[in-house]
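The values are calculated or read from the model by the stated rules, or taken from the named source; none is laboratory data. In this text, all values refer to a predicted model and were calculated from it rather than measured experimentally. With ideal geometry, Cβ positions are generated from the backbone for all residues, glycine too; neighbour counts draw on all protein chains shown. Accessible surface areas use protein heavy atoms only, side chains included; no ligands, DNA or RNA. Shrake-Rupley method; radii C 1.70, N 1.55, O 1.52, S 1.80 Å.
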Amino acid sequence: MGQNEVNKDFDVIIIGGGATGAGTARDCAKRGLRVLLLERFDIATGATGRNHGLLHSGARYAVTDGESAEECIKENMILRRIASHCVEETDGLFLTLPEDDIQYQGKFVEACQRAGIRAEVIDPKEALRMEPSANPALIGAVRVPDGAVDPFRLTASNIMDAKSHGAEVLTYHEVVEVLRSGSQVTGVKVFDHKTKATKSYYADVVVNAGGIWGHRLAEMAGVRVNMLPSKGALLIFGHRVNRMVLNRCRKPADADILVPGDTICLIGTTSSKVPFEEVDDMLVTSKEVDLLLREGEKLAPSLAQTRILRAYAGVRPLVASDDDPSGRSVSRGIVVLDHAVRDGLEGFVTITGGKLMTYRLMAEWTTDLVCKKLGVNATCTTAIEPLPGSRENAEEVNKKIISLPLPQRQSSIARHGDLAERLSHNTPVENSLVCECEEVSVGEVKYALNELDVNNLVDLRRRTRVGMGTCQGELCACRAAGVMSREGKYCTRRAKEDLASFLNERWKGMRPIAWGDTLRESEYMSWVYESVCGLNMSQKQSE
Amino acid sequence: MKFDTIIIGGGLSGLVCGIRLVKAGRRCVIVSAGQSALHFSSGSFDLLNALPDGSPVECPLEALGQLALQAPEHPYVKLGVERMKALLAEVPAFFAGAGVAVEGQGVRNHYRMTPLGAWHPTWLTLKDFFCCGSPEGKLPWRKAAIFNIAGFLDFYAEFIAGDLKKRGVECSVHLFNMDALEHLRKNPSEMRSANIARVFEKQENLERLGEILRDEAGDAEVVLLPAVFGLERADALACLRRVANRKVMLLPTLPPSVPGIRTQLQLKKYFQDCGGVYMLGDTVMKAEVEDGHVVRVYSYNHGNIPFVADDVVLATGSFFSQGLIAEPGRVYEPVFGLDVKYPEEREQWFDLNFFNRQAYQSFGVETDGGFRGMRGGKVLDNLYVAGAVLGGFNAVKEGCGGGVSILTALAVAQQIMDKRKIG
């Protein structure tokens, strides 16, 4: 590849560093295409990083949308194989509470079986023994193969594999213009947020995998994709109260899924339409918090006494069917749009709709289309070949890093799978802990800085969980900023600015639930950072 | 249990108040739940660094007029200029008497260096800490050597060096290691300030470090170290200076704060030496009030055996110390249910930007002009309130947390003495 970035040519440019974009980059690269992936912020910052992290069995959709349910269970089984280090096989229970109609259970089980989802009716007493946190008032329970998936890890792992197959990945590169020559898209113009430079990249096909932001990307290309931003708010609790995923056995509604993940659990979601102007800055309201708590406590009553760590919201990119301009008929299925066929615009493909669960299938369909356009004949292997991190079993990895302290060994294998092996050469000083809640060592921070495209503390949090634990970055943020500045990642002035934005970002999630211990923690953070450390936010930054 | 005064809360405010009263001959008990804000102190106490509107304050006493206009409920406004002046004059001798040596006075703020290498105005700074009269201009040295322990992540030598260089001081940064510190490395979460400080309680370890400083500091005139010395011994720095044969000064670390813990231990010891009773690890649960008068107080450890006293001082701190409790719809003071002023709408408690003024930080207990607590608008005649549990000020934005704790504690003690005609 040439040195002059401006003229660099690719077969395909993929816009969007969520799971779908990352998966498409992986698939395209594995099929031998020259790939460029562009992401305006960090990977997994849109809907990918702002959902339940639920490894759907498809059961939730079985009654209402059989096709989605079938896709889900197939991909569920594939992800267990190819992304084992991102998945926790917890199984799930669909609970019928006294206020729910027990008749629904029969319909539900039947629909699951039709879709190929193992669904087993469990005696309520047995269900409580399996999952002691479940509401003891339950009158029915069905066990399904739900699980937990870590979307950050999944996306990062896809990116890593794409890169190892020659893909180029540029984060903090925002597309500002889609370049056209007549009715042919030829490339994109991007703004590099780090260097503030504008550059152009060219390719035969441009894939729009921008999630809700794909609406705007399509507009830039001169076509219209009718999207409906739908906000979903969630709460993260500081303890993992449930072992299995808990759902309500009724028609899907607000706040009826409780998913365990790592050391925490999540309740969600709400669902409300929001205007496009708000999609970049989702704030969770007191009303949403109250609703999530009220409904969450019905699934697991102990949530009432469990500390909430933070609240956040994502935006689902719902797509209105093409034949219904009013936008009332919304599909949650996968939507691949070949704009050559649909709008007469060659070289532009939009992939949207779908869900985190089906990201790989979405990527496969998109890559099939891209290959067809390029006249490339190559088969998809992403359903068979494991992702980096999932290629060796945990016991083998454990042996390789046996010199690390036990808790660090466990948490780094959980976070990085077989890639934890990179930490085997940690020196005693590198074993020092940056983050006590999540057992993140100096060595792991260094690994993330050097190999996982980390530009700031928020990026680091996504890759290592620094600042995600009960303290929400109380002291570890400062330590991590210190390590990053010592490693030459940035100067001390930038380090302080970065620390300030990290804290402000954390506050965004703490503010809606700032009472009890969370308010104590917030007050403490204010004292430590503002009073003791004298940290503040420059005028420029807060704008 | 019968005392003259019960003090609820064993942090800075409770201890200052207690010491003042026992020295005047009152029989006092302090009931303390454990840690206090002193455990993450910067090594300095702030008096007043800014007004509520954000304008900076250099001479706190001169700003009191403006403060009265902008924050009429501020504890300093209740104290009034004359009382403030008198109390301020007492403070340095008060601390010296208790064995806590401080520099500074209330007329003009000086500047301390923060763990992130920024200069912050302040009132009193513990001895041995690096501070100066102005955040700009030359410092008295040409060359400084900053030392840190290898693997200690709560001290930021590079940040500090960056700022000193701006002020014309040449800086070198050194990492050191010692056999005595190795055991802390075995468990990676042990490498924290208070644990390191324990290692340096031992004479031989201090001397070994002194030798390292002497051998490696080159021609630097001053050695700067993280504040991980002198947990229980006051002569740690003197010892380092003697062996290293040069000036050695301290800079603050992230919490836990060794100088803060030392101050707490020292004040507690002094209070006990003067005859006070300090009950550690107990929490006052409830109180009985009759005719606007606190008659009995009950603690967790003592169950239904009441504490009885002429006067009660509430110095339980803010939210962090659980002197105030916030629930989704309300804020309350848990022991007496004293009046607390706050807006009903939860969203008005906060600003979206973490670094802006946060309304919740000014919430607190309402009092009359004599710092007596109120319930349902009525004064409780023998319940005094001191320190961070008070309302009407913002310790972070106004930089007045230390001052409010110390001065209201002294004022409350004075009032009790005046009422009981002692001292």
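A few notes on this one:
- Computed from Cα atoms, the angle from the helix B:258-273 axis to the main principal axis of chain B rounds to 50 degrees.
- The eigenvalues of the Cα gyration tensor, multiplied by 5 and square-rooted, give the stretch A:120-191 an equivalent ellipsoid with semi-axes of 50, 16, 12 Å from largest to smallest.
- Relative contact order of the stretch A:476-543, pairs being alpha-carbon contacts under 8 Å that are 6 or more residues apart, as %: 31
- For B:313-323, mean number of other protein chain Cβ atoms within 10 Å: 3
- Taken over the alpha carbons of the stretch B:16-163 as equal point scatterers, the Debye sum produces base-10 log I(q)/I(0) values at 0.11, 0.15, 0.19 Å⁻¹ of -0.57, -0.99, -1.31.
- For the chain pair B and A, buried accessible area totals roughly 4700 Å², probe 1.4 Å, rounded to the nearest 100.
- With the simple model of a label 7 Å out from the Cα in the direction of the Cβ, B:Asp291 to B:Met178 spans 6.3 nm.
- For the protein assembly as shown, pairs of C-alpha atoms spaced more than 53 angstrom apart make up 24 percent of the total.
- Mean sequence separation of contacting Cα pairs (under 8 Å, at least six apart), scaled by the length of the stretch A:426-542, corresponds to a relative contact order of 20 percent.
- Remark on the stretch B:130-251: ratio of C-alpha radius of gyration to 2.2 N^0.38 Å is 1.05.
- Shielding by partners, peptide A:502-512 (average Cβ within 10 angstrom, other chains): 3
- Legend: distances between Cα atoms for B:Lys165/B:Lys397; A:Lys251/A:Lys298; A:Lys273/A:Lys508; A:Lys194/A:Lys540; pairs beyond 18 Å are B:Lys165/B:Lys397; A:Lys273/A:Lys508.
- Counting only protein heavy atoms and using a 1.4 Å probe, the accessible area of A:Cys380 comes to about 30 Å².
- Counts of other chain beta carbons within 10 angstrom of each beta carbon in peptide B:341-353 average 3.
- In the stretch A:426-542, the alpha-carbon atoms span a convex hull of 102 Å³ per residue.
- Solvent-accessible area lost in complex, 10 Å² minimum, residues of the stretch B:100-145 relative to chain alone, 1.4 Å: B:Arg112, B:Thr114, B:Pro115, B:Leu116, B:Ala118, B:His120
- For the stretch A:491-502, backbone phi angles converted through the Karplus equation (6.51, -1.76, 1.60; θ = phi - 60°) give residue-by-residue couplings of 7, 5, 5, 4, 4, 5, 4, 5, 4, 4, 5, 4 Hz, Gly and Pro being listed as x.
- Calculated P(r) of chain A - Cα pairs past 34 Å, %: 38
- Principal-axis tilt of helix B:401-419 within chain B, Cα atoms, nearest 10 degrees: 40
- Complex-versus-alone comparison for the stretch B:358-404, residues with a loss of 50 Å² or more in accessible area, probe 1.4 Å: B:Tyr360, B:Val396
- Taking only protein heavy atoms and a 1.4 Å probe, the accessible area of the stretch A:446-543 is 41% carbon and sulfur.
- Report note on the peptides B:241-254, B:9-22, B:114-127, B:70-83: ranked by the mean count of other C-beta atoms within 10 Å, highest first, their order is B:9-22, B:114-127, B:241-254, B:70-83.
- Rounded Å value of the spacing that divides the Cα centres of the stretch B:380-419 and the stretch A:512-543: 24
- Evaluated at q = 0.23 Å⁻¹, the base-10 log of the normalised Debye intensity for the stretch B:288-417, with identical point scatterers placed on the Cα atoms, takes the values -1.45.
- Dividing the helix sum by the residues of chain B, where each DSSP H run of 4 or more adds -39500 (n - 2.57), gives a mean residue ellipticity at 222 nm of -9000 deg cm²/dmol.
- Among A:265-277, A:238-250, B:353-365, the order from most to least packed when residues are scored by Cβ within 10 Å on average: A:238-250, B:353-365, A:265-277
- When only Cα pairs below 8 angstrom with a gap of at least 6 residues are kept, chain B shows a relative contact order of 23 percent.
- The alpha-carbon atoms of the stretch A:253-399, seen along their principal axes, cover 59, 57, 24 angstrom, with the largest extent given first.
- Where the stretch B:130-251 is the region considered: accessible area per residue in Å², 1.4 Å probe: 41
- For the stretch B:308-423, with all protein chains in place and a probe radius of 1.4 Å, 47% of the accessible heavy-atom surface sits on carbon or sulfur.
- Counting all C-alpha pairs of the stretch A:477-543, share separated by more than 15 Å (%): 56
- Normalised convex hull volume, chain B, alpha-carbon set, Å³ per residue: 151
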